[in-house]
Amino acid sequence: QVQLVESGGGLVQPGGSLRLSCAASGSIVSIYAMGWYRQAPGKQRELVAGIRSGGSTNYADSVKGRFTISRDNAKNTVYLQMNSLKPEDTAVYYCNADKVISSLGYMDDYWGQGTQVTVSS
C-alpha cells in the first residue's frame, strides 16, 4: 500500500511564504509524476503545479512566478515553495502521485489527506 503524507500548511500573512512537503511511502518502484492540487470552499479542485520524473514542470497561471515545485526522486518526495502568498491562495492543498508502480507490478494514482493553507492578516 502506498501512502502520501503532507506537511507544511498553516496560517500566513499576505506576502508571506510557506513550504509544503509530501512524502510517498510503501513498496514503490517508480512514480511518473507528482503534483499539488488545491480546493477552496465552494470551488472545484484545481491543479496548482506538477513535476514529472524527468524534471519537467507545469504551473497554474495564477501561481506562476510565485510558486516553485521540486522533487527528490530518491526520497519519493515533492515540495511546493509558495512565495508572495495572497488571500486567494487559501485552500486545502492535496498532494498527488500519478502512475505509481508498486513492487507487485500494479499501477495506480494516490492522493494525500490534504493540508490547510490560510492566507490572512
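The values are calculated or read from the model by the stated rules, or taken from the named source; none is laboratory data. All values reported here derive from a predicted model rather than from experimental measurement. FYI the Cβ positions are ideal-geometry reconstructions off the backbone, even for glycines, and counts take in every protein chain you see. To get the accessible areas, we keep the full protein, side chains included, count just its heavy atoms, and leave off ligands, DNA and RNA. Shrake-Rupley method; radii C 1.70, N 1.55, O 1.52, S 1.80 Å.
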Measuring from its Cα centre, the stretch 1-99 shows a charge dipole (+1 at each Lys and Arg Cβ, -1 at each Asp and Glu Cβ) which, in debye to the nearest 20, is 100 debye
With every protein chain left in place, what is the accessible area per residue of the stretch 2-117 in square angstrom, probe 1.4 Å?
52 Å²
Connecting C-alpha atoms closer than 10 Å in a GNM of the chain, tell me which of 41, 87, 14 has the biggest fluctuation.
41
Positive minus negative residues near residue 117 (Lys, Arg vs Asp, Glu; Cβ under 15 Å):
+2
From the backbone phi of the stretch 62-76, what are the Karplus-calculated ³J(HN,Hα) couplings (6.51 cos²θ - 1.76 cosθ + 1.60, θ = phi - 60°) in whole Hz, Gly and Pro given as x?
5, 10, 4, x, 10, 10, 9, 9, 9, 8, 10, 5, 5, 9, 6
Most fluctuating of 21, 53, 103 in the GNM of the chain (C-alpha, under 10 Å) is 103
So for the pair residue 32, residue 61, with labels modelled 7 Å out along Cα→Cβ, what separation do we get in nm?
2.7 nm
Go through 109, 89 and list them by solvent-accessible area, largest first, probe radius 1.4 Å.
109, 89
Over its Cα atoms, what ratio of radius of gyration to 2.2 N^0.38 Å does the stretch 3-48 give?
1.44
Show me, bin by bin at 10 Å from 0, the whole-percent P(r) of the chain based on Cα pairs.
14, 47, 29, 9, 1
With the chain treated as a Gaussian network of Cα nodes joined by springs under 10 Å, which of 110, 94, 79 yields the largest mean-square fluctuation?
110
What net charge is computed for the residues neighbouring residue 1, neighbours being all others with C-beta under 15 Å from the C-beta of residue 1, Lys and Arg scored +1, Asp and Glu -1?
-2
